[in-house]
Amino acid sequence: MRALICGAGIAGLTLAWHLERAGWQVEVVERAPALRDGGYMIDFYGPGYEVAERMGLTPRLLQARYPVSELSYVDRDGRQTSRLAMSASFDRVVSLLRADLVHAIHDDVRTPVTYGTSVAGIEQHDEGVTVELTDGTRREVDLLVGADGAHSRVRELAFGPEERFLRYLGHQVAAYVIDDKALSEQVGTRYRMLTVPGLMAGAYALRGDRLALLFLLREPDPTLTGDPATWLRRHYGDLGWILPEALARCPEPAEIYRDQVTQIDMEHWSTGRVVLLGDACQAVSLFAGHGASLAMAGAWVLADELAAAGADGVPDALAAYQRRVRPAVEEVQAFGRRFIRWMAPASRLRITARDWMLRLAALPGADRLFLNTLTSGGHGLIVSRAVDELRG
Ligand SMILES: Cc1cc2nc3c(=O)[nH]c(=O)nc-3n(C[C@H](O)[C@H](O)[C@H](O)COP(=O)(O)OP(=O)(O)OC[C@H]3O[C@@H](n4cnc5c(N)ncnc54)[C@H](O)[C@@H]3O)c2cc1C
């Protein structure tokens with residue numbers, strides 16, 4: 001059986017890992033010229049962590065992890081206004097750069113990855129799919145997988161324009177990494193954030209005197225306009241704290257991650273022998289914080305269903321994969337929408353309320369209670385339910 005996977009991200013590479021071990025002939029095409037580096041910090045846990053453990057990747061992830069000792073909010077002068085100690089919040093949580101997770105999976109995959117290439121056309125027929133690539137070559141495969149992120153090209157070709165499936169969550173996001181010893185030492189191993197109504201800027205020190213920065217802007221218009229550095233300086237340039245120095249070191253546009261904050265909501269994740277995976281069909285957004293985890297879990301379930309199906313059973317396996325994964329995704333998406341008001345508070349009153357809740361959460365044993373209050377249903381509860389559901 002032959003599969004072509006579009007997108008060498010977390011979902012695509014995890015699926016390649018499992019399919020090649022199940023005896024499939026797999027090829028991955030990736031639009032970027034190389035595996036994407038840098039980017040942003042993620043918290044990795046829950047079902048994805050379970051999958052990584054089964055793949056034997058946890059030693060590598062534990063090596064790449066960053067110790068986040070606390071979340072801490074600061075004011076424009078850099079003074080701490082509230083904090084949440086992280087150690088007792090969750091078990092089996094790894095904070096690392098998205099790129100480090102991608103590299104960890106990639107280094108254990110034998111499947112060839114063709115960079116600088118994407119899918120240009122798709123034609124389904126009785127025996128399989130003819131895929132035309134942007135380099136002008138064609139592939140005949142039994143399965144085409146669109147693991148090419150929230151703005152998936154495969155989804156557009158097989159299901160229609162993005163607007164039909166994209167739920168804009170009213171925010172834009174940017175992130176980049178800089179080399180700066182002084183700023184890195186100043187921030188340290190606390191995830192530090194500054195929030196004013198409608199704006200959030202976060203920073204975390206990385207190994208090698210680097211600093212990861214994340215910016216979130218409340219913006220009703222989803223259009224991404226202008227050069228990212230100018231956009232960042234316009235909105236964050238006079239907020240104080242470390243931001244003037246960090247913005248002065250803003251890298252080239254190609255090294256800045258910038259996007260709308262979105263969820264993807266689709267009734268069907270497959271059509272015939274074309275299936276979507278990861279953010280392409282189930283993006284939950286950074287507000288939910290489970291995207292990488294669910295991308296790996298989805299890949300594992302898809303491989304599991306395909307292993308049980310013969311050559312003729314591929315379409316049924318794709319439907320079964322969606323039935324198993326979608327309930328967890330919907331629950332996490334709903335959680336993400338509830339969390340917006342806390343991660344990027346729209347008013348000064350809500351910022352004050354958040355600071356008070358964090359102070360209360362600092363009382364012994366109150367951190368879990370705090371998170372459950374925030375999420376009505378409980379973040380931890382959702383994670384454990386998703387693990388159970390995905391085990392099938
Ligand atoms: C700021 C931020 C913070 C986040 N924090 C967390 C967190 O704490 N925890 C968590 O679990 N998740 C988090 N996420 C979400 C997580 O990063 C995503 O859900 C996850 O990366 C999805 O994996 P994926 O493989 O589906 O897509 P991606 O990681 O987006 O990978 C898609 C790949 O496809 C490639 N591609 C795109 N278009 C094409 C094309 N046309 N042709 C070929 N290739 C293409 C891309 O270059 C990329 O390599 C966060 C996201 C953001 C933006």
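Values in this text are rule-based calculations from the coordinates and carry no lab data. Since the model is a prediction, treat every value here as computed from it, not as a measurement. Please note: Cβ atoms are built from the backbone with ideal geometry, for glycine as well, and neighbour counts cover all protein chains shown.
Note: the stretch 43-165, Cα convex hull, 199 Å³ per residue. In the stretch 1-132, Cα pairs under 8 Å separated by at least six residues give a relative contact order of 34 percent. Summarised as an ellipsoid, the stretch 202-241 has semi-axes of 23, 12, 10 Å, derived from the eigenvalues of the Cα gyration tensor scaled by 5 and square-rooted, with the largest first.
Loop-located trypsin sites (Lys or Arg not before Pro) across the stretch 209-295 with a Cβ neighbour count of 16 or fewer within 10 Å are R249, with loop assigned by DSSP.
Using the Karplus relation 6.51 cos²θ - 1.76 cosθ + 1.60 with θ = phi - 60°, the per-residue 3J(HN,Hα) values for the stretch 185-202 come to 5, 5, 7, x, 8, 10, 7, 9, 9, 10, 10, 10, x, x, 9, 9, 10, x Hz, with x marking Gly and Pro.
Among D37, D77, D265, the largest mean-square fluctuation in a Gaussian network model of the chain, built with springs joining Cα atoms closer than 10 Å, belongs to D77. For the stretch 1-91, what class follows from the C-alpha gyration tensor (a ≥ b ≥ c being the square roots of its eigenvalues): rounded when a/c is under 1.5, otherwise prolate if a/b is larger than b/c, else oblate? Verdict is prolate for the stretch 1-91.
Length available on full extension from A346 to S69: 0.36 nm per residue minus the Cα-Cα distance, which gives 97.1 nm.
Taking the three principal axes of the alpha carbon atoms in the chain, the coordinate ranges are 64, 43, 38 Å, sorted in descending order. Each residue, R2 and T225, gets one label point 7 Å from its Cα in the Cβ direction; the gap between the two is 4.7 nm. For the stretch 119-130, the Karplus equation 6.51 cos²θ - 1.76 cosθ + 1.60, evaluated at θ = phi - 60°, returns couplings of 8, 9, x, 9, 9, 8, 9, 4, 8, x, 10, 9 Hz by residue, with Gly and Pro reported as x.
Normalising the Debye intensity of the stretch 319-360 to I(0), with uniform scatterers on Cα atoms only, and taking log10 at q = 0.20, 0.25 Å⁻¹ returns -0.67, -0.82. Summarised as an ellipsoid, the stretch 232-368 has semi-axes of 39, 22, 12 Å, derived from the eigenvalues of the Cα gyration tensor scaled by 5 and square-rooted, with the largest first. The magnitude of the dipole of the chain, with charges of +1 and -1 set on the Cβ of Lys/Arg and Asp/Glu and taken from the Cα centre, is near 1480 debye.
Of the GluC sites (Glu not before Pro) found in the stretch 198-287, those that fall in a DSSP loop while having at most 11 other beta-carbon atoms within 10 Å are E267. In the frame of its principal axes, the stretch 110-247 has Cα extents of 61, 38, 24 Å, reported largest first. Quarter the surface of the alpha carbon convex hull of the stretch 139-193 and you get the mean projected area, 7.6 square nanometres.
Classification of the stretch 16-67 by its C-alpha gyration tensor yields an oblate form. The axis ratio a/c (a ≥ b ≥ c) is 1.5 or more, and b/c is at least a/b. Between the amide H of A120 and those of E132, L133, T134, distances stay under 5 Å, these residues lying 5 or more places away or on another chain, with hydrogens modeled in the peptide plane. Contact order for the chain, expressed relative to its length and based on alpha carbon pairs under 8 Å spaced 6+ residues apart, stands at 21 percent. Show me the trypsin sites (Lys or Arg not before Pro) within the stretch 88-181 that DSSP assigns to loop and that have at most 10 other Cβ atoms within 10 Å of their Cβ. Qualifying residues, ordered by number: R110. The stretch 1-42: percent of C-alpha pairs farther apart than 12 Å? For the stretch 1-42, the share of Cα pairs beyond 12 Å comes to 61 percent.
The calculated 222 nm mean residue ellipticity attributable to helices in the chain amounts to -12000 deg cm²/dmol, summing -39500 (n - 2.57) over DSSP H runs of n ≥ 4 and dividing by all residues.
Database remark: amide H of E70 closer than 5 angstrom to the amide H of M86, Y191 (H placed geometrically; neighbours at sequence offset of 5 or more, or on other chains; Pro and chain starts carry no H). On the principal axes of its alpha carbon atoms, the stretch 160-309 extends 56, 34, 26 Å, with the longest extent given first.
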